[in-house]
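K.L.:
Please find one structure pasted underneath; my questions will follow.
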Amino acid sequence: MEGNIRQLIYSITVTTLIHVIPAVSSKGDVKTELIPLVPEFVEMQKNFTFNKGELAILYCSVENLGTKTVIWRRVHEKNPLTIGEYTYVNDDRINVGHRKGSSNWNLLIKNVQPHDSGIYECQISTKEKDIRQQIFLDVKEEDPINRKPDIQIYGNPYVVKGDTIYLTCNATGTSNPPDTVDWFKGGHKVVTDSDQKIFVKKDVSLKSKTIGSTLRIRHARMQDTGTYICRTSDLQITKLQVNVLNDLSNINKRADLESGEPSPSSSGYSGASRVSANCFMSNIRLLITLLLMTILHEGMQFRIK
């Protein structure tokens, strides 16, 4: 019986994610409706520009994925590029950046080329409908004679606590790539520290005169919030402010403030309104408690008989 209870708890809390929505009837009675959650994209950058030969990262973050699968494809091509963590195409430059339990499913293209330019699609297939998000990639093929030193930083400025902070810095030189590139935060150099789950990786392309560095911080904590600086040996500098937030609702609120658009929760519904995240979790806990009490009660009656 204990195994059945555990299975029930798992199926409720993991497999069957739900929204709890109070609806007011014509008589004024409040009724609770349980509606299955659907996967949704975290608002992220949708236009990316890279130079030929750099490591291109297209970001895609999905909440409420459940048992669904994330698929990357080029809009004009029939076959997918990746399915889950599996690379479908025969191109060893392409793979997916994902950690188990993370909401990030980023498409990585090594040694990116001008022919890689175009519209890409991060897609979740469900029985009801296909949920898609399009990202535009532009790859520049610069004239090496007129090339100027340049440095660019890419990454998601808003990361949910517990997810991975993933930043990329690409720097180009005139005749040669810069000797090195380093990361800084709060005046301190950021280096690989496996105990702190911090990983720094560098790649150099002599052909494109580019040096690139990726910074990964797994299981992001609130203290990881701050300004991350990327600096090359020839003193090219760029920076990005990263905010670690407690939950997805905070990300949506911050995006609403920056865009000036109201969030769905504040726009109003006809006869119904979504409850807050705290109320949602309270209803989930109450539902599980009631189910467990019912099961235990029936088990005791069965033993008495």
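K.L.:
Quick check on my filter: what residues within the range 214-228 are part of a loop (DSSP other than H, G, I, E, B) and surrounded by fewer than 19 Cβ atoms within 10 Å (Cβ to Cβ)?
P.N.:
Arg218, His219, Arg221, Thr225
K.L.:
Which residues, taken from the range 176-213, are assigned to a loop (DSSP other than H, G, I, E, B) and not aliphatic (A, V, I, L, M)?
P.N.:
Answer for the range 176-213, where residues must be assigned to a loop (DSSP other than H, G, I, E, B) and not aliphatic (A, V, I, L, M): Asn176, Pro177, Pro178, Asp179, Thr180, Gly186, Gly187, Thr192, Lys197, Lys207, Ser208, Lys209.
K.L.:
Determine if the range 134-144 includes at least one residue that is part of a strand (DSSP E or B), crowded, with 20+ Cβ neighbours inside 10 Å and touching a helix residue (DSSP H, G or I) at 6+ places or on another chain (Cβ under 6 Å).
P.N.:
Yes, because at least one residue in the range 134-144 is part of a strand (DSSP E or B), crowded, with 20+ Cβ neighbours inside 10 Å and touching a helix residue (DSSP H, G or I) at 6+ places or on another chain (Cβ under 6 Å).
K.L.:
Of the numbered conditions (1) more than 28 Å from Val62 (Cα to Cα); (2) modelled with pLDDT of 90 or more, Val139 fails exactly one; give the number of that condition.
P.N.:
Here Val139 meets the rest and fails (1).
K.L.:
Kindly provide the set of residues from the range 165-213 that are exposed (fewer than 12 other Cβ atoms within 10 Å of the Cβ) and in contact (Cβ under 8 Å) with a residue 60 or more places away in the chain, ordered by number.
P.N.:
Lys207 - this is the single residue of the range 165-213 that is exposed (fewer than 12 other Cβ atoms within 10 Å of the Cβ) and in contact (Cβ under 8 Å) with a residue 60 or more places away in the chain.
The values are calculated or read from the model by the stated rules, or taken from the named source; none is laboratory data. This is a predicted model, so every value here is computed, not measured. Here Cβ is always computed from backbone atoms with ideal geometry, including for glycine, and neighbour counts include all displayed protein chains.
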